[in-house]
Amino acid sequence: MSARGVVLAGVGGQGVVLASAVLAEAALRSDFEVKQSEVHGMAQRGGAVVSHIRYGETVASPVVPLASADVLAAFEWAEALRWMPYLAPRGALVVDARRIVPPGACKDHRTWGVPYPAMDTATVAHRVADVLLIDASGIAASLGNPKTANSVVMGAVSRFLDIDDVAWEKAITRFVPPGTEELNIAAFHAGQEAGSVRPEAIPDLGLDPIQQRSYRIEVDHSWCKDCGICPTVCPEFCLAMDHAHRLVVVDEAACIGCRLCEALCPDFAIRISVGDPAVVSGGAP
Amino acid sequence: MTTTAQVREHLRGWAMPHVLCPGCAHGIVGRAFLSAVDDVGIDPDQMAVVAGIGCSSRLVGYLDFCTLHATHGRAPSFAAGIKLARPELTVAVFSGDGDGLAIGGNHLIHAARRNIDLTVVLFNNEIYGMTGGQAAPTTSVGAIASTAPRGSVESPFDACKLMIGAGATFVARAAASEPYTLARIFADALDHEGLSFVEVLSDCPTYFGRYNKLGSGPEMLAAITRSDNRIAIPLAGKRSIPTIDPPDLPPGVELGTLHREHRPVFTGRAGGAT
């Protein structure tokens, strides 16, 4: 048997690395040779985390080559799309149907609007043999602990791998935090039974409505000497010098209230104040 | 950092706008100082600021505290007198590199030697701004000034080392381009019991910037942060990493709190209440 490849992808804090340790241990207990390699990205909550696991009779490299993963398991929809190139053309895709917006994806500091990709299995279905969009977070929560969502995902993954349940359960018992073994094993079995869901049935966990702040930029022109410092320090280009080298507020709506211009105004001429807040929805899609 | 509205509470609004040139960072320093006064929670009526002569010293005229515009270079001595007579006041000195290090050098070092409980802010723009751009004791070797048309040939003072040597018990250096750090350091300096000395790297676009082709306010402020071509580079006490920094890059200047110790203050020894 040639080596099988599994790619696990998620966001920091979801337990991707723990899940990959469980899979590697389960494969070891099934007398396979296993190699595992993980990239934490920014190894903190919110950063992209991916782990490669390869197992088989013999395994040379720990890295799954592009377009050769038998299973891509994503703990979040955008991460599924991000790592799709690793999935073999006839591979299986397991996705937890939830959305976590990476902080870096926020294109607008005021509305937190994001170009988050629509959760639609049709966008990937033509590329893979099986798409399993499961409500792992919802299942885990209903079992009593939403943190076991990674075990639910691994249960779903196990359907596509030749590792028996005993090895999985021993591996789970070894790695999960003491006291949560039974819960995680139950979550694992729930994942084995989980059916595909329709994305619209999943409650939107990621993006709460937020208050949009607005700021007012007041320039006291009788104090301002048009020195030109504030336009150079404004990160949102709200301020500019006109053709006569006079300070003008060109885009008050873009102000994020950082108040750098205030702090660096030698003439005490700029005042930033908070305007009326407005509730906006969390953007996308 | 307090808001402009809060900071303006401490300004004599009727005197504003101030006389300082466009792009002169002294105003930023003044603002950070006012912010620190608020942060430390000093009653404005219990705050005295003394200044000598120079652009930096003009700033105190706009501060709504007990202020004294004293004779050239003698601000630390006037301040010492205030502290001895009224030890309950918080006393600060605003001084420039010319006022504090040239004509007032002796007054400054003896205030440090005696560890009088003052906060001395030294605005270093490497030049005499008010009087027409003459070379100062802090002017870098090679820098153009009206009295050094082919570049200064004298070694500049490292004001912080000077003050550590003289016995100041809190010595820090900060940059006008970093107002938040500056305000934090001012707050620490105001809190410190004993002579606190804060050298602030400021700019003078009108003379130093123009003579040395360093641009105007925004460029000079950015240069302080970037640390290349910055004013005050040839101050001693520089730090560079020869294996990493390219050899032609001027070494950076040490910023931050450089020295801190506890020593009995003069006012206490002289029988004052502090």
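Can you give the local net charge around A:Ile172? Use residues other than it whose beta-carbon is closer than 15 angstrom to its beta-carbon, Lys and Arg +1, Asp and Glu -1.
On the way: positive: A:Arg29, A:Lys147, A:Lys170, A:Arg174; negative: A:Glu25, A:Asp164, A:Asp165, A:Glu169, A:Glu181, A:Glu182.
Value of the local net charge: -2.
Set the Förster radius R0 to 30 Å, insert the Cβ-Cβ distance between A:His221 and B:Arg210 as r into 1/(1 + (r/R0)^6), and round the FRET efficiency to 0.05. Kindly include the intermediate steps, with their values, before the conclusion.
Details: r = 25 Å, r/R0 = 0.83.
The calculated FRET efficiency here is 0.75.
Need one value for B:22-31: mean number of C-beta atoms belonging to other chains within 10 Å of its residues' C-beta atoms. Present the calculation step by step, with values, prior to reporting the outcome.
On the way: counts 9, 7, 4, 4, 1, 10, 7, 1, 2, 7.
So the per-residue partner count for this stretch is 5.
Testing the spin-label approximation: label points 7 Å from Cα along Cα→Cβ at A:Val166 and B:Glu154. State their distance in nm.
Each label point lies 7 Å from its Cα, and together they span 9.1 nm.
Net charge within 11 Å of A:Val6 by Cβ-Cβ distance, Lys/Arg positive one each and Asp/Glu negative one each, not counting A:Val6 itself? Kindly include the intermediate steps, with their values, before the conclusion.
Working: positive: A:Arg4, A:Arg54; negative: A:Asp70.
Net charge in that neighbourhood comes out at +1.
Select from B:Asp117, B:Asp64, B:Asp43 the residue whose mean-square fluctuation is largest in a Gaussian network model of chain B (Cα-Cα springs shorter than 10 Å).
Sorting by GNM fluctuation, first place goes to B:Asp43.
Leaving out ligands and nucleic acids, note down the accessible area per residue over the protein assembly as shown with a 1.4 angstrom probe, in whole Å².
On the way: 23690 Å² over 559 residues.
Accessible area per residue, the protein assembly as shown: 42 Å².
Could you work out the relative contact order of chain B, using alpha carbon pairs under 8 angstrom and six or more residues apart, expressed as a whole percent? Mind dumping the intermediate values first?
Numbers: 636 pairs, mean separation 52.7, N = 274.
Result for chain B is 19 percent.
Classify chain B as rounded, prolate or oblate from the Cα gyration tensor: take a ≥ b ≥ c as the square roots of its eigenvalues, call it rounded if a/c is under 1.5, otherwise prolate when a/b beats b/c and oblate if not. Walk me through the numbers before you get to the answer.
Numbers: a/c = 1.62, a/b = 1.38, b/c = 1.17.
Here chain B falls in the prolate category.
Less than 13 Å Cβ to Cβ from B:Leu182, Lys/Arg counted +1 and Asp/Glu -1: what total charge do the surrounding residues give?
Numbers: positive: B:Arg31, B:Arg173, B:Arg184; negative: B:Asp39, B:Glu178, B:Asp188, B:Glu199.
Neighbourhood net charge equals -1.
Segment B:185-221 to segment B:26-61: how many Å between their Cα centroids?
14 Å
Using packing as a proxy for protection, rank A:50-56, A:182-188, A:244-250 so that the peptide with the highest average count of other Cβ atoms within 10 Å comes first.
Output ranking for A:50-56, A:182-188, A:244-250: A:50-56, A:182-188, A:244-250.
Assign one of three labels to segment B:1-115, namely rounded, prolate or oblate, based on the Cα gyration tensor with a ≥ b ≥ c the square roots of its eigenvalues; rounded applies when a/c is under 1.5, prolate when it is not and a/b is larger than b/c, and oblate otherwise.
On the way: a/c = 1.99, a/b = 1.28, b/c = 1.56.
It is oblate, given that a/c is not under 1.5 and a/b is not larger than b/c.
Sort A:120-131, B:50-61, A:251-262 for me by packing, meaning the mean count of neighbouring Cβ atoms within 10 Å per residue, highest on top. Intermediate values should be presented prior to the final figure.
Values: A:120-131: 14.3, B:50-61: 24.7, A:251-262: 17.6.
Most protected by this proxy first, the peptides run B:50-61, A:251-262, A:120-131.
For the pair B:Glu254/B:Gln46, report the inter-label distance in nm, with labels modelled 7 Å from Cα in the Cβ direction.
3.4 nm
What does the structure give for A:224-232 when I average, per residue, the other chain Cβ atoms found within 10 Å of the residue Cβ?
Per residue, the average neighbour count from other chains is 6.
What value, in deg cm²/dmol to 500, does the helix sum -39500 (n - 2.57) over DSSP H runs of n ≥ 4 give at 222 nm once divided by the residues of chain B? Mind showing how you got there, number by number?
Values: 9 runs with 80 residues, N = 274.
So the helix-based figure for chain B works out to -8000 deg cm²/dmol.
So how do B:27-36, A:75-84 stack up, highest first, on mean other-Cβ count within 10 Å? Spell out each step's value before the answer.
Values: B:27-36: 26.7, A:75-84: 22.5.
Per-residue mean Cβ counts within 10 Å order the peptides as B:27-36, A:75-84.
How shielded is B:6-19 by partner chains, expressed as the average number of their Cβ atoms within 10 Å of its Cβ atoms? The partial results should precede the final answer.
On the way: counts 0, 4, 4, 0, 1, 2, 0, 2, 0, 0, 6, 8, 5, 0.
That average works out to 2.
On C-alpha positions alone, give me the angle between the axis of helix B:217-226 and the longest principal axis of chain B, in degrees, nearest 10.
Relative to chain B, helix B:217-226 is tipped by roughly 90 degrees.
Please calculate the 1.4 Å probe accessible area of B:Val37, with all protein chains present, and give it to the nearest 10 Å².
So the heavy atoms of B:Val37 present about 0 Å² to solvent.
Can you give the accessible area buried between chains A and B, summed over both chains, with a 1.4 Å probe, in Å² to the nearest 100?
Numbers: alone 14060 and 11640 Å², together 23690 Å².
Interface between A and B: roughly 2000 Å².
Among B:Thr139, B:Thr169, B:Thr181, determine the one that fluctuates most according to a GNM of chain B built with springs between C-alpha atoms less than 10 Å apart.
Result for chain B, Cα springs under 10 Å: B:Thr181 fluctuates most.
Classify the protein assembly as shown from the C-alpha gyration tensor, please: rounded if a/c falls under 1.5, else prolate or oblate depending on whether a/b exceeds b/c.
On the way: a/c = 2.64, a/b = 2.41, b/c = 1.10.
The shape class here is prolate.
Once R0 is set to 25 Å, what does the formula 1/(1 + (r/R0)^6) return for the Cβ-Cβ distance between A:Leu66 and A:Ser196, expressed as a FRET efficiency to the nearest 0.05? Mind dumping the intermediate values first?
Values: r = 26 Å, r/R0 = 1.04.
The pair A:Leu66/A:Ser196 has a calculated efficiency of 0.45.
Could you look at chain B and say what percent of its accessible area is carbon and sulfur, using a 1.4 Å probe and all protein chains? Each step should come with its number before you reach the end.
On the way: 5720 of 10650 Å².
Ligands and nucleic acids excluded, carbon and sulfur reach 54 percent.
Determine, for the protein assembly as shown, the count of lysine pairs separated by eight or more sequence positions (or lying on different chains) whose alpha-carbon distance falls under 21 Å. Mind showing how you got there, number by number?
Working: A:Lys35/A:Lys170; A:Lys147/A:Lys170; A:Lys225/B:Lys213; B:Lys161/B:Lys238.
Final tally of qualifying lysine pairs is 4.
The values are calculated or read from the model by the stated rules, or taken from the named source; none is laboratory data. The shown structure was predicted, so the numbers you read here are calculated from the model rather than taken from an experiment. Heads up, the Cβs are rebuilt from the backbone with ideal geometry, glycines too, and the neighbour counts pull from every protein chain shown. The area values use the complete protein model at the heavy-atom level, side chains included, leaving out ligands, DNA and RNA. Shrake-Rupley method; radii C 1.70, N 1.55, O 1.52, S 1.80 Å.
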